[in-house]
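Here is the structure we will look at.
Each value in this text was obtained by applying a stated rule to the coordinates, not by laboratory testing. Quantities reported herein were computed from a predicted structural model and do not represent experimental measurements. Reconstructed Cβ throughout: ideal geometry from the backbone, glycine too, with neighbour counts over all protein chains shown.
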Amino acid sequence: MNHRLHVALIAATSGLGGLLVGCGTKSDVSLTGNTPAQYSHVWVTVQAVWVNTSGTAGPDDGGWEQFSLSTPSTVDLVAENGGNLGSIASGLRVRAGTYSQVRLIPVDATAPLASSAQNAGAIYNFEADYVDSSGVTQQLPLELLNPDKGIGIPTSIKIPIGNVGVGLGGTGTTTGVPFGSTSGTTANPFGTTTGTTSPPLTSTTTGSTTSTTPNNALAAALDGTVNLVPFTFATNSSGILWSAHATAAYDLSIAGGISGQLSLTNITTSTSGLPNIRVNAETLSADGSRWVVVSSTAVLSDGSFLLYPLATTSSTIPLYYDVVIHGPDIATIIVKGVQVPRPASSNSVTSTSSTTTTLATSSRTYTVPTTTSTTTTPSVTTSGITSSANTNVNAVSIGTLTPRAAAGSPPTSYTANIATAPGALLPAGAVVSFYQTLGGQTEVPYVIESSPIDPFNQVLFYPQALSLGTVDSGTWSTNGTVTMVSAAPKEGAGTYLVAASSPGFSDGPLSLKVSVSPPKSGTATVVVPALTLESGATAGSLAAAVVATTPGKYDQGQLLLSHDGALVATASLDAVLTQGTGGIVTVPGLPTGTPDAVYYATVRAWKSTDPGSVQRQWYPQVIDLRTSTSATIALTVN
């Protein structure tokens with residue numbers, strides 16, 4: 001399965017006085033972003049938020065509370081990097097209870113432009129902007145998979161029972177307002193807020209005293225590093241697909257973070273103005289065979305970074321992460337054993353006790369003081385007139401580090417791409433990761449770089465740039481110092497292990513290597529084998545009966561199957577569109593027999609002589625393979 005954190009939901013569940021059974025406190029929803037350095041804007045527009053107490057409910061199953069926003073909200077994921085939050089909704093009246101799933105309903109790029117997107121400067125509701133090799137800014141629509149079904153986010157959040165005033169206010173409805181009914185013709189009431197914001201405050205009057213309490217704060221963290229999927233089709237035509245993977249959820253009241261500062265002397269920035277350096281928080285996989293990414297962020301223009309939110313354990317048993325700082329032009333930096341304690345309930349707290357902790361899946365032992373950083377919470381007067389912004393999060397610092405050049409200049413890096421064996425394709429939603437291992441008998445490989453595959457061509461759209469340098473590593477301590485040691489990884493400087501991963505499939509074996517021979521230039525290629533289904537899943541198939549309403553209008557196309565907005569499989573429609581009368585297209589090898597085996601279909605179709613005529617169409621019928629190994633669907637291509 002794919003371990004990278006793609007979408008994470010965060011909830012702060014502050015209780016309120018004056019209890020009323022059945023009423024929940026108001027909830028606010030925000031987005032935080034994580035995007036590759038080449039993008040100058042990634043616009044995301046949302047028009048509804050759904051919640052469900054069932055973690056396995058599909059979008060057509062029961063139990064959903066649906067909140068249609070009075071007008072769509074647009075957030076730029078590039079601006080909302082490093083823990084910044086962009087508001088999309090405020091004061092949703094979510095009933096008290098424990099919810100296991102949240103679903104964001106987006107506005108498709110082909111829909112009329114929402115006023116919030118127009119005000120932000122976008123020309124599509126979902127859009128990715130970048131500067132091409134000629135220095136020209138390109139604004140491309142982000143293609144969504146079944147936007148009517150939304151982006152599903154597994155979570156576990158508890159909405160507490162609120163008071164009368166709180167339970168009756170807010171924006172949204174639980175009566176299931178259709179997501180397509182929002183026109184987006186009025187001004188966005190929530191704006192496109194940038195920067196870290198404190199939760200809006202709700203005033204409650206009891207007798208002659210007015211108190212003010214923050215609303216519940218929910219935020220979805222969207223990881224553009226692997227969710228932005230560039231691809232090519234037809235002849236010299238390209239696009240960008242948004243394939244949203246959701247794997248984890250957090251409660252903001254017990255979340256933590258990791259911050260740091262890099263000295264960027266002589267570090268080249270990309271066209272977006274950001275250094276081409278990223279930071280991962282990684283933990284060991286369940287089987288202990290490799291490190292996996294649970295959060296990732298870009299280094300900002302001033303060299304700072306913040307990995308937030310991160311899960312914490314109890315206040316007495318801290319959780320540790322290894323931090324990987326990487327980029328093609330620097331020597332990779334690995335800081336081991338960074339402790340992220342649970343936030344204190346008071347405004348600030350320091351514990352000077354020492355603990356010795358052995359990681360459950362590692363033989364490493366760390367002895368460090370369990371000291372937390374200062375956490376500031378909103379403070380208000382009883383009159384509700386003033387409040388102080390919550391400008392800090394519960395984050396520990398790894399201090400200031402100075403990256404060194406990857407190798408002699410030039411070159412400092414090389415590029416790598418993949419190939420697949422005949423008849424052994426990767427799943428369409430696969431991500432390919434490049435690993436290196438520190439010296440030592442107990443060390444296992446770290447993820448250094450990752451990239452989604454072009455699902456239609458089984459290659460990396462952008463060959464992955466890999467550092468030729470050795471690795472700097474050290475162990476974190478709370479005194480602010482990390483002693484670094486430079487050494488070649490076990491694989492050798494500039495050599496990487498390569499493995500693929502994909503939802504519904506077991507991770508690929510860590511046996512392939514890629515490197516480049518002197519003179520250290522060009523693009524190296526590695527053949528990545530097909531993945532096997534994850535434990536408990538059975539291979540199934542879909543038979544799609546495809547008919548074009550206007551024979552000859554299209555002669556090329558693609559069928560895409562998705563789950564919760566993430567790409568799972570593709571199939572070519574060229575043959576059935578060319579013959580005019582339609583036909584059956586079979587999609588084999590689908591994961592079935594698991595709670596996630598609920599799929600939906602999207603079609604892309606175009607005329608080969610005019611690739612710009614591409615049309616997208618998605619279908620509401622559910623393809624339910626939770627208890628079956630085969631399914632059929634009729635697809636009419638308009």
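Find out how many positive minus negative residues lie around Asp555, taking Lys and Arg as positive, Asp and Glu as negative, among other residues whose Cβ is under 10 Å from that of Asp555. Numbers along the way, then the final one.
Numbers: positive: Lys553, Lys607; negative: Asp574.
Around Asp555, the surrounding residues sum to +1.
In straight Cα distance, which lysines are under 24 Å from Lys553, not counting same-chain residues fewer than 8 positions off?
Qualifying lysines at Cα under 24 Å: Lys607.
To the nearest 0.05, what FRET efficiency results for Ser511 and Thr98 with a Förster distance of 51 Å applied to their C-beta separation? Walk me through the numbers on the way to the answer.
Numbers: r = 42 Å, r/R0 = 0.83.
Computed FRET efficiency for Ser511 and Thr98: 0.75.
Need the list of aspartates and glutamates near Lys490 for cross-linking: C-alpha distance under 12 angstrom, and skip anything on the same chain fewer than eight residues off.
Cross-link targets: Glu443.
Which distance in Å, rounded to a whole number, links the C-alpha centroids of the range 480-532 and the range 126-159?
28 Å
Under the Karplus relation 6.51 cos²θ - 1.76 cosθ + 1.60, θ = phi - 60°, what is the ordered set of whole-Hz ³J(HN,Hα) values for the range 44-49, x standing for Gly and Pro?
With coefficients 6.51, -1.76 and 1.60, one gets 10, 10, 10, 10, 7, 10 Hz.
Output ³J(HN,Hα) for the range 459-473: one whole-Hz value per residue in order, computed from phi by the Karplus curve 6.51 cos²θ - 1.76 cosθ + 1.60 with θ = phi - 60°, and x for Gly and Pro.
9, 7, 4, 9, x, 6, 7, 10, 5, 8, x, 7, 10, 9, 9
With a sphere of radius 14 Å drawn around the Cβ of Pro309, what net charge do the other residues whose Cβ falls strictly inside it have (Lys, Arg +1; Asp, Glu -1)? Don't jump to the answer; show the numbers that get you there.
Working: positive: Arg342; negative: Glu80, Asp223, Asp251.
With Lys, Arg at +1 and Asp, Glu at -1, the net is -2.
Averaged over every viewing direction, what's the projected area of the C-alpha convex hull for the range 413-527? Give it in nm², one decimal, please.
On the way: hull surface 35.9 nm².
It is 9.0 nm².
Output wanted: per-residue J couplings in Hz (rounded whole) for the range 544-551, from phi through Karplus 6.51 cos²θ - 1.76 cosθ + 1.60, θ = phi - 60°, x for Gly and Pro.
Going residue by residue, I get 9, 8, 9, 9, 8, 5, 10, x Hz, with x marking Gly and Pro.
Evaluate the distance, in nm, between pseudo-label points positioned 7 Å from the Cα of Val131 and of Ser630 along their respective Cα→Cβ axes.
5.6 nm
Lysines near Lys158 by alpha-carbon distance under 26 Å, same-chain residues fewer than 8 away left out - which ones?
Within the straight-line limit of under 26 Å, Lys158 reaches these lysines: Lys26, Lys149.
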